[in-house]
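K.L.:
Just passing along the structure, written as C-alpha coordinates.
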Amino acid sequence: MKIALIGYGKMGKMIEQIARDRGHEIVSIIDIDNQQDFDSPEFASADVAIEFTAPQVAYGNYLKAWAKGVKVVSGSTGWLKDHGDDVRKACSEEGKTLFWASNFSIGVAIFSAVNRYLAKIMNEFPQYDVEMEETHHVHKLDHPSGTAITLAEEIVERIDRKEAWAEDTTDPKLLRIDNIRRGEVPGIHTIRYDSDADLITITHDAHSRKGFALGAVLAAEYTKEHQGLLTISDMFKF
(Lines give C-alpha, C1' and ligand atoms only; values in the text may rest on other atoms or scores of the structure.)
Protein backbone atom coordinates (compact mmCIF):
# COMPACT_ATOMS: atom_id res chain seq x y z
CA MET A 1 0.00 0.00 0.00
CA LYS A 2 1.16 3.54 -0.74
CA ILE A 3 0.90 5.86 2.27
CA ALA A 4 1.32 9.62 2.58
CA LEU A 5 2.07 11.16 5.97
CA ILE A 6 0.63 14.55 6.93
CA GLY A 7 2.44 15.73 10.03
CA TYR A 8 5.95 14.51 10.83
CA GLY A 9 6.34 14.85 14.57
CA LYS A 10 7.01 12.01 17.00
CA MET A 11 3.81 10.23 16.00
CA GLY A 12 4.44 10.67 12.28
CA LYS A 13 7.93 9.21 12.55
CA MET A 14 6.67 6.23 14.56
CA ILE A 15 3.89 5.60 12.04
CA GLU A 16 6.46 5.73 9.24
CA GLN A 17 8.60 3.03 10.85
CA ILE A 18 5.68 0.72 11.60
CA ALA A 19 4.25 1.18 8.09
CA ARG A 20 7.59 0.29 6.50
CA ASP A 21 7.96 -2.71 8.82
CA ARG A 22 4.56 -3.94 7.60
CA GLY A 23 5.69 -3.69 3.98
CA HIS A 24 4.05 -0.40 2.99
CA GLU A 25 5.61 2.36 0.91
CA ILE A 26 5.78 5.95 2.16
CA VAL A 27 5.35 8.02 -1.01
CA SER A 28 5.04 11.51 0.51
CA ILE A 29 5.75 13.23 3.82
CA ILE A 30 4.13 16.64 4.34
CA ASP A 31 4.97 18.93 7.23
CA ILE A 32 4.79 22.67 7.93
CA ASP A 33 7.64 23.60 5.60
CA ASN A 34 6.53 21.75 2.42
CA GLN A 35 2.79 22.32 2.09
CA GLN A 36 3.22 22.63 -1.68
CA ASP A 37 3.73 18.86 -1.82
CA PHE A 38 -0.03 18.41 -1.54
CA ASP A 39 0.05 19.20 -5.26
CA SER A 40 2.78 16.68 -6.07
CA PRO A 41 2.19 13.52 -8.12
CA GLU A 42 3.77 11.54 -5.29
CA PHE A 43 1.07 12.63 -2.85
CA ALA A 44 -1.69 11.96 -5.39
CA SER A 45 -0.36 8.41 -5.84
CA ALA A 46 -1.10 7.51 -2.21
CA ASP A 47 -3.87 5.06 -1.39
CA VAL A 48 -4.29 6.62 2.05
CA ALA A 49 -2.91 9.66 3.88
CA ILE A 50 -2.37 9.37 7.64
CA GLU A 51 -2.87 12.76 9.29
CA PHE A 52 -1.70 13.74 12.79
CA THR A 53 -1.53 17.53 13.03
CA ALA A 54 -3.19 20.37 14.95
CA PRO A 55 -6.96 20.90 15.32
CA GLN A 56 -6.89 24.22 13.47
CA VAL A 57 -5.42 22.76 10.27
CA ALA A 58 -6.82 19.21 10.25
CA TYR A 59 -10.00 19.94 8.28
CA GLY A 60 -8.04 21.89 5.66
CA ASN A 61 -5.72 18.90 5.29
CA TYR A 62 -8.71 16.64 4.68
CA LEU A 63 -9.91 18.92 1.88
CA LYS A 64 -6.47 19.02 0.25
CA ALA A 65 -6.15 15.22 0.36
CA TRP A 66 -9.69 14.63 -0.91
CA ALA A 67 -9.06 17.05 -3.78
CA LYS A 68 -6.33 14.67 -4.97
CA GLY A 69 -8.54 11.60 -4.56
CA VAL A 70 -6.67 10.40 -1.46
CA LYS A 71 -8.48 8.77 1.46
CA VAL A 72 -7.59 10.05 4.94
CA VAL A 73 -6.93 8.46 8.33
CA SER A 74 -6.80 11.11 11.06
CA GLY A 75 -6.20 11.27 14.78
CA SER A 76 -6.50 15.05 14.99
CA THR A 77 -9.19 16.33 17.35
CA GLY A 78 -10.98 19.62 17.87
CA TRP A 79 -12.45 20.11 14.38
CA LEU A 80 -15.78 18.33 14.94
CA LYS A 81 -17.65 21.30 16.38
CA ASP A 82 -17.02 23.58 13.39
CA HIS A 83 -16.69 21.06 10.56
CA GLY A 84 -18.42 17.86 11.66
CA ASP A 85 -21.45 18.40 9.44
CA ASP A 86 -19.26 19.25 6.44
CA VAL A 87 -17.23 16.07 6.90
CA ARG A 88 -20.31 13.89 7.30
CA LYS A 89 -21.80 15.37 4.11
CA ALA A 90 -18.56 14.90 2.17
CA CYS A 91 -18.34 11.26 3.21
CA SER A 92 -22.01 10.39 2.77
CA GLU A 93 -22.88 12.40 -0.35
CA GLU A 94 -19.65 13.27 -2.14
CA GLY A 95 -17.77 9.97 -2.07
CA LYS A 96 -14.97 11.08 0.26
CA THR A 97 -13.42 8.80 2.88
CA LEU A 98 -12.21 9.67 6.38
CA PHE A 99 -11.30 7.20 9.11
CA TRP A 100 -11.30 9.26 12.28
CA ALA A 101 -10.62 8.24 15.88
CA SER A 102 -9.62 10.17 18.96
CA ASN A 103 -7.35 7.25 19.82
CA PHE A 104 -6.12 4.44 17.54
CA SER A 105 -4.76 2.16 20.27
CA ILE A 106 -6.13 -1.40 20.10
CA GLY A 107 -6.08 -1.43 23.90
CA VAL A 108 -8.15 1.75 24.05
CA ALA A 109 -10.64 0.25 21.59
CA ILE A 110 -11.06 -2.70 23.97
CA PHE A 111 -11.19 -0.35 26.97
CA SER A 112 -13.88 1.71 25.23
CA ALA A 113 -15.99 -1.40 24.65
CA VAL A 114 -15.69 -2.28 28.35
CA ASN A 115 -16.58 1.32 29.23
CA ARG A 116 -19.77 1.20 27.17
CA TYR A 117 -20.84 -2.13 28.64
CA LEU A 118 -20.08 -1.08 32.22
CA ALA A 119 -21.96 2.21 31.81
CA LYS A 120 -25.01 0.33 30.56
CA ILE A 121 -24.93 -1.86 33.68
CA MET A 122 -24.30 1.05 36.07
CA ASN A 123 -27.30 2.96 34.75
CA GLU A 124 -29.38 0.59 36.89
CA PHE A 125 -27.46 1.41 40.09
CA PRO A 126 -27.89 5.10 40.99
CA GLN A 127 -26.00 4.69 44.28
CA TYR A 128 -22.78 4.80 42.23
CA ASP A 129 -21.47 8.17 41.09
CA VAL A 130 -19.06 8.20 38.15
CA GLU A 131 -16.05 10.38 37.44
CA MET A 132 -13.04 10.27 35.16
CA GLU A 133 -9.35 11.25 35.35
CA GLU A 134 -6.93 11.57 32.44
CA THR A 135 -3.15 12.00 32.73
CA HIS A 136 -0.80 12.99 29.90
CA HIS A 137 2.66 14.42 29.29
CA VAL A 138 3.36 18.09 29.98
CA HIS A 139 3.58 18.89 26.24
CA LYS A 140 -0.12 18.15 25.72
CA LEU A 141 -1.87 21.51 25.85
CA ASP A 142 -5.49 20.53 25.21
CA HIS A 143 -7.69 19.17 27.96
CA PRO A 144 -9.55 17.02 28.46
CA SER A 145 -7.98 14.65 25.96
CA GLY A 146 -9.92 13.59 22.89
CA THR A 147 -9.98 10.05 24.25
CA ALA A 148 -11.43 11.24 27.57
CA ILE A 149 -14.15 13.16 25.74
CA THR A 150 -15.06 10.09 23.67
CA LEU A 151 -15.19 7.90 26.78
CA ALA A 152 -17.25 10.52 28.63
CA GLU A 153 -19.75 10.82 25.79
CA GLU A 154 -20.15 7.04 25.80
CA ILE A 155 -20.97 7.18 29.52
CA VAL A 156 -23.37 10.12 29.26
CA GLU A 157 -25.20 8.38 26.42
CA ARG A 158 -25.86 5.35 28.63
CA ILE A 159 -26.32 6.76 32.14
CA ASP A 160 -29.56 8.68 32.49
CA ARG A 161 -28.50 10.57 35.62
CA LYS A 162 -25.65 12.32 33.75
CA GLU A 163 -26.66 15.06 31.33
CA ALA A 164 -23.19 16.02 30.05
CA TRP A 165 -19.51 16.03 31.02
CA ALA A 166 -17.55 18.96 32.46
CA GLU A 167 -14.23 19.83 34.06
CA ASP A 168 -13.98 21.09 37.64
CA THR A 169 -17.65 20.52 38.45
CA THR A 170 -19.52 19.52 41.58
CA ASP A 171 -22.87 19.30 39.80
CA PRO A 172 -24.17 15.74 40.32
CA LYS A 173 -25.87 15.85 36.91
CA LEU A 174 -22.50 16.30 35.18
CA LEU A 175 -19.75 13.73 34.66
CA ARG A 176 -16.61 15.26 36.10
CA ILE A 177 -13.33 14.92 34.16
CA ASP A 178 -10.08 15.80 35.95
CA ASN A 179 -6.87 16.26 33.99
CA ILE A 180 -3.24 15.93 35.11
CA ARG A 181 -0.14 16.90 33.12
CA ARG A 182 3.18 15.43 34.28
CA GLY A 183 6.44 14.13 32.86
CA GLU A 184 6.30 12.19 29.60
CA VAL A 185 3.19 10.11 30.35
CA PRO A 186 1.78 8.79 27.02
CA GLY A 187 -1.73 8.57 28.41
CA ILE A 188 -3.68 7.17 31.36
CA HIS A 189 -7.48 7.14 31.50
CA THR A 190 -9.31 6.05 34.65
CA ILE A 191 -13.06 5.76 35.22
CA ARG A 192 -14.37 5.35 38.75
CA TYR A 193 -17.79 4.30 40.02
CA ASP A 194 -17.93 5.13 43.72
CA SER A 195 -20.59 4.35 46.31
CA ASP A 196 -20.76 4.25 50.10
CA ALA A 197 -20.18 0.50 49.94
CA ASP A 198 -17.36 0.13 47.41
CA LEU A 199 -15.41 1.49 44.44
CA ILE A 200 -15.23 0.06 40.91
CA THR A 201 -12.33 1.31 38.77
CA ILE A 202 -11.22 0.63 35.20
CA THR A 203 -7.97 2.06 33.80
CA HIS A 204 -6.09 2.09 30.53
CA ASP A 205 -2.39 2.95 30.93
CA ALA A 206 -0.38 3.33 27.72
CA HIS A 207 3.28 2.31 28.04
CA SER A 208 4.26 4.22 24.87
CA ARG A 209 2.82 5.79 21.72
CA LYS A 210 3.59 2.64 19.75
CA GLY A 211 0.08 1.27 20.24
CA PHE A 212 -1.40 4.47 18.79
CA ALA A 213 0.91 4.34 15.77
CA LEU A 214 0.22 0.66 15.05
CA GLY A 215 -3.51 1.29 15.27
CA ALA A 216 -3.23 4.15 12.76
CA VAL A 217 -1.48 1.88 10.27
CA LEU A 218 -4.08 -0.85 10.80
CA ALA A 219 -6.75 1.79 10.18
CA ALA A 220 -5.02 2.77 6.93
CA GLU A 221 -5.04 -0.86 5.81
CA TYR A 222 -8.76 -1.03 6.58
CA THR A 223 -9.50 2.32 4.91
CA LYS A 224 -7.86 1.30 1.63
CA GLU A 225 -10.64 -1.26 1.15
CA HIS A 226 -13.57 0.79 2.53
CA GLN A 227 -15.34 4.08 1.91
CA GLY A 228 -17.23 6.77 3.81
CA LEU A 229 -16.92 8.04 7.38
CA LEU A 230 -15.19 5.26 9.28
CA THR A 231 -14.08 4.76 12.86
CA ILE A 232 -12.72 2.17 15.29
CA SER A 233 -16.11 0.51 15.77
CA ASP A 234 -16.16 -0.29 12.04
CA MET A 235 -12.76 -1.96 12.17
CA PHE A 236 -13.22 -3.80 15.47
CA LYS A 237 -16.64 -5.40 15.95
CA PHE A 238 -16.73 -5.55 19.75
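K.L.:
Over the chain, give the accessible area per residue in Å² for a 1.4 Å probe, as an integer.
P.N.:
Per-residue accessible area for the chain comes out at 50 Å².
K.L.:
Relative contact order for the range 1-77: what percent, with Cα pairs under 8 Å and sequence separation of 6 or more?
P.N.:
Worked out over the range 1-77, it gives 34 percent.
K.L.:
Determine the calculated [θ] at 222 nm for the chain from helices alone, applying -39500 (n - 2.57) to every DSSP H run no shorter than 4 residues and normalising by the residue count; nearest 500 deg cm²/dmol.
P.N.:
Computed mean residue ellipticity for the chain: -12000 deg cm²/dmol.
K.L.:
Report, to the nearest 10°, how far helix 80-93 tilts away from the longest principal axis of the Cα atoms in the chain, using its own Cα long axis and a range of 0 to 90°.
P.N.:
The answer is roughly 60 degrees.
K.L.:
Here is a further query. Going through the range 128-188, which GluC sites (Glu not before Pro) have at most 16 other Cβ atoms within 10 Å and a DSSP loop state?
P.N.:
Filter output for the range 128-188: GLU163, GLU184.
K.L.:
Using Cα atoms only, what is the angle between the long axis of helix 146-158 and the major principal axis of the chain, expressed in degrees (0 to 90) to the nearest 10?
P.N.:
Tilt of helix 146-158: around 50 degrees.
K.L.:
For the range 69-115, what % of the accessible area comes from carbon and sulfur atoms, probe 1.4 Å?
P.N.:
Roughly 49 percent, rounded to a whole number.
K.L.:
A further question follows. At what distance in nm do the modelled label points of LYS120 and ASP85 sit from each other, each positioned 7 Å from its Cα along Cα→Cβ?
P.N.:
According to this spin-label approximation, the distance is 3.1 nm.
K.L.:
Accessible area of the range 142-238 with a 1.4 Å probe: how many percent of it is carbon plus sulfur?
P.N.:
50
K.L.:
Based on alpha-carbon centroids, what's the gap between the range 78-137 and the range 194-238 in Å, whole number please?
P.N.:
9
K.L.:
Relative contact order of the chain: what whole-number percent is it, with Cα pairs under 8 angstrom and at least 6 residues apart?
P.N.:
Relative CO of the chain lands at 22 percent.
K.L.:
Relative contact order for the range 51-192: what is it in percent, counting Cα pairs under 8 Å that are at least 6 residues apart?
P.N.:
Relative contact order of the range 51-192: 22 percent.
K.L.:
Which loop-located trypsin sites (Lys or Arg not before Pro) does the range 130-238 contain, where loop means any DSSP state but H, G, I, E or B and the Cβ has at most 12 other Cβ atoms within 10 Å?
P.N.:
Sparse-neighbourhood loop trypsin sites (Lys or Arg not before Pro): LYS173, ARG182, LYS237.
K.L.:
Within the accessible area of the range 15-66, what % is carbon and sulfur when the probe is 1.4 Å and the other protein chains stay in place?
P.N.:
The C+S portion of the solvent-accessible surface of the range 15-66 is 50 percent.
K.L.:
Please give the helix 106-122 orientation as an angle from the longest Cα principal axis of the chain, in degrees from 0 to 90, rounded to the nearest 10.
P.N.:
Compared with the principal axis, the helix lies near 30 degrees.
The values are calculated or read from the model by the stated rules, or taken from the named source; none is laboratory data. Owing to the predicted nature of the structure, the values given are computational and were not obtained by experimental measurement. Glycine gets a Cβ as well: all are built from the backbone with ideal geometry, and neighbour counts include every protein chain shown. Each accessible area value is taken on the protein alone, full model and side chains, heavy atoms only, with ligands, DNA and RNA left out. Shrake-Rupley method; radii C 1.70, N 1.55, O 1.52, S 1.80 Å.
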